[in-house]
Amino acid sequence: MITRLRALAILMLGAVLWTPSTQAQEFNCVVGVNYRALSGSDYSFLDELQERLFEYMNDRQWTNDLFEQEERIDCNLQIVFSEAPSLTSFRARLILASRRPIYGSAQQTQVLTLSDEELQFEYSQGTPLIYQPDKYHPLTSVLDFYAHIMLGYDYDTFDAMGGQPHFEEARRIAELGETSGALGWSSIGGGQSKGELISQILDSRFAPLRQIYFDYHYGMLDHFIDKPDESREKLLTTVLELQTLREDVTRAYYLDQFFAAKYSEIIRVFKGSQEASQAFDALSQSDPAHLSDYSTMMN
């Protein structure tokens, strides 16, 4: 099997001169906090939280792998505060997106995009964010969970099922959260919880989608510049597989996340092509939420 770094080396061989390998952190994460919805008190101390979030995500080494600077995962993490039951107690939404490069081009592709509406935690001025992976914390455990989710997604795009260790770690964190009784961790009852997401990712019924993340990125997208017709045919095969998967599962948060990140890119690949009609028929069944967008492929 090709590891993430070997895949990078193969794709970039001859394209750049490699510098001696140095160990670097995994994320290049842009972090933001938005507390404009809060009123009645001075919450400007939350600007400090933004700095602590940045340090927590970017200064930690999350894996034992070697990452070149250019290999760091570009991502955005924003916390949008919605309510403050007290001066130090908050309810908020976490918005997350991660990207990876498309080799052979100067472009990036969005791998993951999601919004977690169930974030509740306490924070007071001067409080450090401490990494304690074996202890549940309402904020840092959420950050740990999504760090490993992003790593799992990213590794899956370079090596089939390559993100397994990170998804397993995310499941362990989710179990800590569910045991604590905290909001947003339960994998029971469907919905779009953290527990539901990792449960589906590791469910054998979604193994075809795990494979598709590799086939889509490493097998199709990374070779699209050199082999556009062949790559488009591969994507059509993928779209037909996704249609079958939609028919086979009833709870499909993980599948919905794929389309949330990829629908606009899929449209660009198929637009005006001879495969557009067949792709539209399949996508209208597997991703009806974006039906009106897919209709533009036919123009």
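The values are calculated or read from the model by the stated rules, or taken from the named source; none is laboratory data. Keep in mind that this is a model prediction, so the values were computed, not measured. Methodologically, a virtual Cβ is constructed for each residue, glycine included, from the backbone with ideal geometry; neighbour enumeration extends over all protein chains shown.
Under the condition of being surrounded by fewer than 16 Cβ atoms within 10 Å (Cβ to Cβ) and free of Cβ contacts under 8 Å to residues at least 40 places away in the same chain, the residues counted in segment 218-255 number 8. Checked against (1) over 18 Å from the mean Cα position of the chain (by Cα); (2) more than 16 Å from residue 276 (Cα to Cα); (3) part of a helix (DSSP H, G or I); (4) basic (Lys, Arg), residue 232 passes all but a single condition, namely (2).
For segment 180-216, enumerate the residues that are out of contact with any helix residue (DSSP H, G or I) (no Cβ under 7 Å at 6 or more places or on another chain) and acidic (Asp, Glu). The answer is 203, and nothing else. Residues of segment 32-54 that are aliphatic (A, V, I, L, M) and either without any contact (Cβ under 8 Å) to a residue 12 or more places away in the chain or assigned to a loop (DSSP other than H, G, I, E, B) (or both): 37, 38. Restricting 176, 202, 183, 129 to residues that are touching a residue at least 12 places away in the same chain (Cβ under 8 Å) and in contact with a Leu (Cβ under 8 Å, 6 or more places away or on another chain) narrows the list to 129. Considering the conditions (1) over 17 Å from the mean Cα position of the chain (by Cα); (2) outside the structural domain of residue 93 (by TED's automatic domain parsing), residue 256 is excluded by exactly one of them, (1). In segment 100-127, the residue that is nearest to the chain's Cα centre (by Cα) out of those that are hydroxyl-bearing (Ser, Thr, Tyr) and surrounded by 15 or more Cβ atoms within 10 Å (Cβ to Cβ) is 113.
Within segment 244-265, the residues that satisfy the criterion of being farther than 21 Å from residue 113 by Cα and in a helix (DSSP H, G or I) are 244, 247, 248.
In segment 71-88, is there at least one residue being over 18 Å from the mean Cα position of the chain (by Cα), of a type outside the set (A, V, I, L, M, F, W, C), more than 18 Å from residue 193 (Cα to Cα) and in a loop (DSSP other than H, G, I, E, B)? Yes - at least one qualifying residue is present in segment 71-88. Among the residues of segment 155-166, which ones are among the hydrophobic types (A, V, I, L, M, F, W, C) and crowded, with 21+ Cβ neighbours inside 10 Å? 158 - this is the single residue of segment 155-166 that is among the hydrophobic types (A, V, I, L, M, F, W, C) and crowded, with 21+ Cβ neighbours inside 10 Å.
Give the residue that is nearest to the chain's Cα centre (by Cα), with candidates limited to residues of segment 130-154 that are surrounded by 16 or more Cβ atoms within 10 Å (Cβ to Cβ) and not in a helix (DSSP H, G or I). I'd like the intermediate steps shown before the answer.
From segment 130-154, those surrounded by 16 or more Cβ atoms within 10 Å (Cβ to Cβ) are 136-154; that's our starting set.
Among the residues that remain, those that are also not in a helix (DSSP H, G or I) are: 136-139.
Working: 136: 22, 137: 21, 138: 20, 139: 18 Å.
Applying the filter and picking the extreme gives 139.
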